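Below is one structure, written out as structure tokens; the observations come after it.
The values are calculated or read from the model by the stated rules, or taken from the named source; none is laboratory data. Computed from a prediction, not measured in an experiment: that's the story for all the values here. Here the Cβ positions follow ideal geometry from the backbone for every residue, glycine too, while neighbour counts run over all protein chains shown. These area figures cover heavy atoms from the full protein model, side chains too; ligands, DNA and RNA do not enter into them. Shrake-Rupley method; radii C 1.70, N 1.55, O 1.52, S 1.80 Å.
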Amino acid sequence: MSQTLLETKDLTVRFGGHVAVDAVSCAFHAGELTAIVGPNGAGKTTYFNLISGQIPASAGSVSLLGEEVTKFSVAQRCRAGLGRAFQLTNLFPNLSVLENVRLVIQAHRNKGFSLLSMADSHHELTVEARAVLERVRLDTMEDQKVTELSHGNQRKLEVAMLIALDPMVYMFDEPTAGMSADEAPVVLDLIAELKAERERTILLVEHKMDVIRALADRIIVLHNGALAADGDPAEVMASDVVQEAYMGKALENV
Amino acid sequence: MLHLLSGDKPRSVVLTIILLVILISLAFAPFLFPGVRSLETAARICIFIVLVASYDLLLGYSGIVSFAHTMFFGLGAYGVALSSIHMGRGYDALIVGTVLGAIAAAALAWLIALFSLRVRAIFFAMITLAVASAVAVLVSQLSGLTGGEDGLNYKIPRDLTPANRLGEFLGVKVNGKTLNYYLVFFGSAALFLLLLRVVNSPFGRVLQAIRENDFRAEAVGYRVVWYRTVATCLSAATAALAGSLFAIWLRYVGPDTTLSFEIMLDILLMVVIGGMGTMYGAILGATLFVLAQNYLQTLMGAASEATHSLPLVPHLLDPDRWLLWLGVLFVLSVYFFPTGIVGRLRNGR
């Protein structure tokens, strides 16, 4: 089996008496795209938050590229190779599109504490940022403020910022939510491209079954915070657990 | 030229013209506006531009509210005063006082930031308020060291005082005070350009990103606490340097001229009126405010005289009511220019 990039062992978080994520153990490998599914409230986003460090774990551990990162801050995990796009658009609203992406690359290149050079004089950062924008077809809008973008374009920028980060572990939380039918393919094609490179591991929280069928190598099902199923997409989709825990509710959602 | 401005163009014709007028007026103030009072005003404008710009680095660019800015300003001023008293008059005393003042300000800012910025930005505002009040009380109580409420008078090198006569130039008597003014002018200009560079550096962009969305800034790999801490220290040290210039200019420091809470409010107003998050706003805000503070009373006296035949109007325009009108002016300017004068000029709205 290919290299394990991310692993959670008995990862648990409790909010008061409520166990939101219940001892989830799972390993994610290079070249693999894992879809994380489950009904609303199953703990998918909370599981993401535990992995990326937005909330501290009550028990269990997270390791990234073989190194334990459970005690790491969000920024430290990011530097260790973990990148996440958010479910709700989460950008720098009053800065330009180009600046949003440039800031990510700048973080990556450790230029943040350069106080006396001009930001615009770092051409290599700008060139790189433009290349990323081209991949999501936002290159014609680089000077616009984020607040002036349509929702679909903000989603694309969200994905662009993740690609700019160039992490080993990509985490997408419903990347096409709220996008129109003609916008979504740009993002899905990008995810397919990343997957084809086979070097990274991709985690995808998604409700749309056609997306999962097209992209996923593997599905894990969360139900009431616990790992309910894990395996080949076709098998998992057919299993009773999923039919019971997820499919019924998913159909209601559609 | 553009490099000196760090590529941050005024981006508005009107703004460019206003800035040039202010720059030229300040650069040739001793010759354009001879007289003790006008030179006093010009020097005060220079110093407040730096003070306000350094506050804008915090408030406008980093989104951090601090109430301790006058404390840092005062640290620089008292640094120069104390060193001039204890080391005797001399340039070495000025340099030592300036450097120590700036270091003390940065160190104190570092402590406050580390204690409070980890938690929440609002906590920082509260802590700065507490520390600044404590320092102000301490300065007025420790009269043996600080001169208490009376403040301190001290001597600066003779070259920089009016006693140093240098003859006439363009029909204006040039003396040490003129040299002192140019020390203030060039010192302020250098500090302002430094701040302009910092806000346009990669670091400055990170500060803006943190202001916009600190959660995401952390998620793309920036350690938000460290950036905020460094910004705070930088802002404090610059404020202290402005304080040192002020002390060299005035040859006097006291709680009312450097530490008072009124000055803190003035700074806040100047930032807001000029335009938050635009360094140029500091120039406009400080110039307008200091001019209004110094000349509104005179102007109103003249207006009151001119309207003495009318009922009620001369009473409303009585010079004693200048603070009322200053207040009205500020309410109006904030109402009509919510993004500050610079924001308004740049948007053309």
Worksheet, complete the sentence: B:PRO314 meets each of (1) touching a His at 6+ places or on another chain (Cβ under 8 Å); (2) at pLDDT 85 or above with one exception, condition (2)
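Listed here are the residues, each with its yes/no results for (1) part of a helix (DSSP H, G or I); (2) farther than 13 Å from B:VAL184 by Cα.
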residue: B:ARG11; (1), (2): no, yes
residue: B:PRO34; (1), (2): no, yes
residue: B:LEU39; (1), (2): yes, no
residue: B:ILE47; (1), (2): yes, no
residue: B:ALA53; (1), (2): yes, yes
Worksheet, complete the sentence: Heads up, the strands (runs of 3 or more DSSP E) in the range A:140-254 (entirely inside) with at least 3 residues that are touching a residue at least 12 places away in the same chain (Cβ under 8 Å) and within 17 Å of the chain's Cα centre (by Cα) are A:169-173, A:201-205, A:218-223
Worksheet item: How many residues does the range A:77-92 hold that are open to solvent by 40 Å² or more (accessible area, probe 1.4 Å) and either closer than 22 Å to B:SER62 by Cβ or at the interface with chain B (Cβ under 8 Å from one of its Cβ atoms) (or both)?
Response: 1
Practice prompt. Considering only residues that are within 10 Å of chain A (Cβ to nearest Cβ) and of a type in the set (S, T, N, Q), look in the range B:171-227 and name the one that is surrounded by the most Cβ atoms within 10 Å (Cβ to Cβ).
Written response: B:SER201
Worksheet item: Got a sec? Which of A:LEU115, A:LEU103 is farther than 30 Å from A:LEU6 by Cβ, more than 13 Å from the chain's Cα centre (by Cα) and not assigned by TED's automatic domain parsing to the domain that holds A:LEU6?
Response: A:LEU115
Discussion item. Need the failing condition index for A:ASP120 against (1) farther than 19 Å from A:THR12 by Cβ; (2) modelled with pLDDT under 90; (3) assigned to a loop (DSSP other than H, G, I, E, B), just the number.
Written reply: (3)
Discussion item. With open to solvent by 10 Å² or more (accessible area, probe 1.4 Å) and among the β-branched types (Val, Ile, Thr) as the only criterion, which of A:VAL186, A:VAL221 stands out?
Written reply: A:VAL186
Discussion item. Considering only the range A:110-130, I want to know if a residue exists there that is more than 14 Å from every other protein chain (Cβ to nearest Cβ) and either more than 14 Å from B:PRO202 (Cα to Cα) or crowded, with 18+ Cβ neighbours inside 10 Å (or both).
Written reply: yes
